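As structure tokens, the structure follows; a few thoughts come after it.
The values are calculated or read from the model by the stated rules, or taken from the named source; none is laboratory data. What you see is a predicted model; the values in this text were computed from it and never measured. No Cβ is skipped: glycine too gets one built from the backbone with ideal geometry, and neighbour counts run over all protein chains shown.
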Amino acid sequence: MASASMEGPLLDFFRAARSAGLRISPAESIDATRAAQVVGFADRDRLRDTLAIVMAKTVEEKREFGAIFDLFFKRGHFSAGAEPETEAPPGPQPPPGGEAGGGEGEGNGGGGGPLAEMLLAGDQAALAAAVERAGQEAGLSNIALFTQVNLFTRRILERMGLQALERAITAAPEAERTGRLRQGRDRLREQVKEFVEQNLALYARGETEAFRERMLTQTRLSAIDRRDHERMRLLVRAMARRLATQYGRNRKRDRRGVLDVRRTLRRNMGWDGIPFHTIWKQERIQKPKLVVLCDVSGSVAAIAQFLLLFLYSLNEALSDLHAFAFSGNLVDVSEILARNPIETAIPEVMARAGFGSSNYGMALADFEAAHMRLLDSHTTVIVLGDGRGNRTDPRTDILTRMADRSKQIVWLNPEYRTLWGTGDSDMLRYAPHCRVTAVCNTLQHLERVIGELLRDGG
Amino acid sequence: MSIAWHGLLSSIDATEAGLQGAGYIANRQISTALYLAHHLRKPILVEGPAGVGKTELAKAAASWLGLSLIRMQCYEGLDESKALYEWKYGKQLLYTQILKDRLGSVLGEEPGMEAAMRRLHGVSDLFFSEEFLEPRPLLRALREPGGAVLLIDEVDKADQEFEAFLLELLSDYQVSIPEIGTVKADIAPIVLLTSNSMRDLGDALKRRCLHLHIGLPDARLEARIIASRVPDAAEDLRRQLVAFVQQLRGLDLKKLPSVSETIDWARVLVLLHAAQLDHAMVRDTLNVLLKFESDIEAVQPQIADLLLKAKREAVPVR
């Protein structure tokens, strides 16, 4: 009996949880309903545990779930029911006062309808129930924008019989009773507004967040505001995690045409060794071994830090990673990045190598002098930079030698292709030695390039 | 259908008490998960760091409910012939060899090819029957009379294809064997899957499971676990060692000690007849708690401080 009346709130809760970013399939919401029925609604902690087990499927989701659960049920849904027998549950309480007709009928006697009765009696439980019901009628769970708060507040108050109340107040402005009514009305207005705002937080948060995140992945990284950096870092981490999950394991690929005799025989033992099912030899797709050269001069610095963050969040999908930063001289930053959390490591890298005017020739010469041994036939070299060396010698000869030693060179350039080769850009001179050259100035570009690298086994 | 062990899972509190009786100190979430697993007929996916008692939970549940524990360890390259069933090829061959003459005489009497074929059809089914089926863990768990606890250990280590293969089993407690048909469990086993989060599991798998995350326990719970698993440890020692380990978890270490390490350490200390923690003993036995040389080096200079704090904090842990 109790469970049937609780399904409405549960459905609303699923909606709230979805809009907060939890992915809850219809099947899971059915399970959650069943689970809640099995466990019962009496004990809120137990209900929380139960729903968390059924609905939230990762640690982050569990944290998110906890927050949304508390926010949702704090609104007093179960508060009357949770402490047994202190008060009757909100369900069968006095009439809602939502039906304006009923309210006005009584209004003549100076009463102001059931709303006035409730205010005078100070019956908070009944008021809460009435607000809840009026909110449902007004379609409050569809709220999406903060500009709608006043609109919904007004709708709810009207449904609760505000008009009759106002009429009662204006009819007898002097009476002592009216003063109390006025006070009650003002407080109620505040309460309803707060209630609407809570609902906004509950139902609309996910949507705005999702929208912002989508925008951020497509915005030029150099144009992103400092206050969004924290969010960007989370996004980068999530992307890296996704790629790492996909490519972090040893993957194999069939080499069609080369028979794996041993496994074929084993598989066909049941047919007396006659090979009905053929099994091909497989080759391992190797995890990429990366050497990254990042230009951290003023023009490219913003992208460099996200590239580094991305690569260092990928750790299990890479077999080896060395990072160098340069604007003039080349600095080996692998140590700093591997040892410190990325938030503190990036500024340190910038402090050591950043914000000069770039000199690609010098950086390449430094690399050849000290680190050429890192390159072998499995290594992919990623260069991130705009290729603008301020009219210094580009030293393409060194890049040629690097290309000969390594598996491939990938050059990521934050400038659009049309700008390559203009002014002091040496990009077109470097390009012939690179297997891939790509424009890379948003998070989306970054994800695509790295994803391709991982897929083919760099 | 009345099965004895179904009665045991009558409430969450009963579940918690039952697990405790089997030597497993469960927190509220754990007992709720087990209770729900039975009542909703759903498998539990247990995640958490290594050594917090994921596998232990399955063992405790099996011993409390009086069911047999069927364990399947996952690894890369695990396939259905090792997980589900295989035909006993050798036996099949042997039988055909032995029955060759008989077969010849049976078929020889038939006039014409077609009649012989028909005869043969009747016979061939014999060789792909239950007689020649070698059940592997998953099939065994389904066919166990009276139910079982099925532990699919470290499912994150298996390939993605294997995960997909598990789906039918997990949602309906049945598997399809092409030659025989569908095998369905009479009594749904309690299924636990464990994962160390080596990789994220697929959404399809997660959707079919209840999700339980077991983290590192707080001091109070850990003290209760030690009391239950290493009853010989003196009260003082127990509090101190728990407080010490709790502090270690606050440090920046490569691998934090988990419950299994605490239990091992408690056992070691009991063997050494320790009634109190002291500096030399901690230094000598640190390798039980910490599994990396660099971690041990990082902790060694701090032992005195940690010990002092552990002794001070040890008192309020009740």
Which residue out of B:A116, B:A83 is closer than 30 Å to B:R199 by Cβ and either buried (at least 18 other Cβ atoms within 10 Å of the Cβ) or at pLDDT below 80 (or both)?
B:A83
Would you confirm, using the coordinates I've provided, whether B:A141 is in a helix (DSSP H, G or I), touching a residue at least 12 places away in the same chain (Cβ under 8 Å) and out of contact with any Lys or Arg (no Cβ under 6 Å at 6 or more places or on another chain)?
yes
What is the one condition in (1) in a helix (DSSP H, G or I); (2) more than 31 Å from the chain's Cα centre (by Cα) that A:E335 does not satisfy?
(2)
Filter result for the condition that a residue is of a type in the set (A, V, I, L, M, F, W, C) and over 16 Å from A:I398 (Cα atoms), over A:A353, A:A369
A:A353
Inter-residue pairs, beta-carbon under 8 Å, first more than 10 Å from chain A (Cβ to nearest Cβ) and in the range B:34-57, second among the acidic types (D, E), 6+ apart:
B:G51/B:E261; B:K54/B:E47; B:T55/B:D153
Considering residues that are among the small types (G, A, S), surrounded by fewer than 20 Cβ atoms within 10 Å (Cβ to Cβ) and more than 14 Å from every other protein chain (Cβ to nearest Cβ), the number found within the range A:10-50 is 1
Pairs needed: first member in the range B:189-207, away from chain A (no Cβ under 13 Å); second member anywhere, part of a strand (DSSP E or B) and acidic (D, E); C-beta distance under 8 Å; at least 6 residues apart or different chains.
B:T194/B:E47; B:T194/B:D153
If a residue must be within 15 Å of A:V300 (Cα to Cα) and buried (at least 16 other Cβ atoms within 10 Å of the Cβ), how many such residues does the range A:409-418 contain?
5
Any idea which of (1) surrounded by fewer than 17 Cβ atoms within 10 Å (Cβ to Cβ); (2) touching a residue at least 24 places away in the same chain (Cβ under 8 Å); (3) in contact with a strand residue (DSSP E or B) (Cβ under 7 Å, 6 or more places away or on another chain) is the one A:D295 doesn't satisfy?
(1)
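So which of A:L309, A:L375 ends up being farther than 24 Å from A:A238 by Cα and in contact (Cβ under 8 Å) with a residue 40 or more places away in the chain? Walk me through how you get there before you give the answer.
Details: A:L309 fails: farther than 24 Å from A:A238 by Cα.
Exactly one of A:L309, A:L375 is farther than 24 Å from A:A238 by Cα and in contact (Cβ under 8 Å) with a residue 40 or more places away in the chain, namely A:L375.
Matching residues to (1) buried (at least 16 other Cβ atoms within 10 Å of the Cβ); (2) assigned to a loop (DSSP other than H, G, I, E, B):
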| site | (1), (2) |
| --- | --- |
| A:L307 | yes, no |
| A:G328 | yes, yes |
| A:R391 | no, yes |
| A:I398 | yes, no |
Search result, residues across the range A:243-258 that are loosely packed, with under 15 Cβ neighbours inside 10 Å and out of contact with any Gly (no Cβ under 9 Å at 6 or more places or on another chain)
A:N250, A:K252, A:D254, A:R255, A:R256, A:G257, A:V258
Just checking, how many residues over the range B:1-30 are closer than 19 Å to B:L212 by Cα, within 13 Å of another protein chain (Cβ to nearest Cβ) and assigned to a loop (DSSP other than H, G, I, E, B)?
4
Is it the case that B:T96 is closer than 17 Å to B:I190 by Cα, of a type in the set (V, I, T) and within 14 Å of chain A (Cβ to nearest Cβ)?
no
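Does any residue of the range B:62-81 turn out to be within 14 Å of chain A (Cβ to nearest Cβ) and free of Cβ contacts under 8 Å to residues at least 24 places away in the same chain?
Initial filter on the range B:62-81 (within 14 Å of chain A (Cβ to nearest Cβ)): B:74-81.
Subsequent filtering for residues that are free of Cβ contacts under 8 Å to residues at least 24 places away in the same chain retains none.
The answer is no, given that none of the residues of the range B:62-81 is within 14 Å of chain A (Cβ to nearest Cβ) and free of Cβ contacts under 8 Å to residues at least 24 places away in the same chain.
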Residue count for the range A:255-292, restricted to those that are within 30 Å of A:K407 (Cα to Cα) and either of a type outside the set (A, V, I, L, M, F, W, C) or touching a residue at least 24 places away in the same chain (Cβ under 8 Å) (or both):
17
Of all residues in the range A:51-74, count the ones that are more than 10 Å from chain B (Cβ to nearest Cβ) and of a type in the set (G, A, S).
2
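Inspect all residues belonging to the range B:156-164 and state whether any of them is in contact with a strand residue (DSSP E or B) (Cβ under 8 Å, 6 or more places away or on another chain) and surrounded by 14 or more Cβ atoms within 10 Å (Cβ to Cβ). Let's see the steps before the verdict.
Step one: of the range B:156-164, the residues in contact with a strand residue (DSSP E or B) (Cβ under 8 Å, 6 or more places away or on another chain) are B:156.
Going one step further and asking which of them are surrounded by 14 or more Cβ atoms within 10 Å (Cβ to Cβ), we end up with B:156.
Within the range B:156-164, one or more residues are in contact with a strand residue (DSSP E or B) (Cβ under 8 Å, 6 or more places away or on another chain) and surrounded by 14 or more Cβ atoms within 10 Å (Cβ to Cβ).
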Could you list all residues from the range B:143-161 that are under 11 Å from B:I70 (Cα atoms) and modelled with pLDDT under 90?
B:E144, B:G147
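Counting residues that are free of Cβ contacts under 8 Å to residues at least 60 places away in the same chain and surrounded by fewer than 17 Cβ atoms within 10 Å (Cβ to Cβ), which helices (runs of 4 or more DSSP H) fully inside the range B:208-318 reach at least 2?
On the way: elements: B:219-229, B:235-248, B:259-271, B:279-289, B:293-299, B:303-313.
Because the criterion is at least 2 residues that are free of Cβ contacts under 8 Å to residues at least 60 places away in the same chain and surrounded by fewer than 17 Cβ atoms within 10 Å (Cβ to Cβ), the helices (runs of 4 or more DSSP H) in the range B:208-318 that meet it are B:259-271, B:279-289, B:293-299, B:303-313.
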Verdict on A:D320 being modelled with pLDDT of 80 or more, touching a Phe, Trp or Tyr at 6+ places or on another chain (Cβ under 7 Å) and not aliphatic (A, V, I, L, M):
no
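Can we say B:E163 is outside any strand (DSSP E or B) and either over 19 Å from the mean Cα position of the chain (by Cα) or more than 14 Å from chain A (Cβ to nearest Cβ) (or both)?
Working: outside any strand (DSSP E or B): yes; either over 19 Å from the mean Cα position of the chain (by Cα) or more than 14 Å from chain A (Cβ to nearest Cβ) (or both): no.
It is false that B:E163 is outside any strand (DSSP E or B) and either over 19 Å from the mean Cα position of the chain (by Cα) or more than 14 Å from chain A (Cβ to nearest Cβ) (or both).
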Residues of the range A:432-447 being within 18 Å of A:L419 (Cβ to Cβ), of a type in the set (A, V, I, L, M, F, W, C) and outside any loop (DSSP other than H, G, I, E, B), which ones?
A:A438, A:V439
Any idea how many residues of the range A:217-242 are surrounded by 13 or more Cβ atoms within 10 Å (Cβ to Cβ) and away from every other protein chain (no Cβ under 14 Å)?
13
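This table checks each residue for (1) on the phi < 0 side of the Ramachandran plot; (2) at pLDDT 85 or above; (3) among the aliphatic types (A, V, I, L, M); (4) in contact with a Cys (Cβ under 8 Å, 6 or more places away or on another chain).
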residue: A:D12; (1), (2), (3), (4): yes, no, no, no
residue: A:R15; (1), (2), (3), (4): yes, no, no, no
residue: A:R48; (1), (2), (3), (4): yes, yes, no, no
residue: A:V59; (1), (2), (3), (4): yes, no, yes, no
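Could you tell me which of the residues A:R263, A:R214 is more than 14 Å from chain B (Cβ to nearest Cβ), over 17 Å from A:S313 (Cα atoms) and in a helix (DSSP H, G or I)? I'd like the intermediate steps shown before the answer.
Working: A:R263 fails: more than 14 Å from chain B (Cβ to nearest Cβ).
Among A:R263, A:R214, only A:R214 is more than 14 Å from chain B (Cβ to nearest Cβ), over 17 Å from A:S313 (Cα atoms) and in a helix (DSSP H, G or I).
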Can you tell me which condition A:T219 does not meet? The list is (1) out of contact with any Leu (no Cβ under 6 Å at 6 or more places or on another chain); (2) in the same structural domain as A:Q124 (by TED's automatic domain parsing), and all the others hold.
(2)
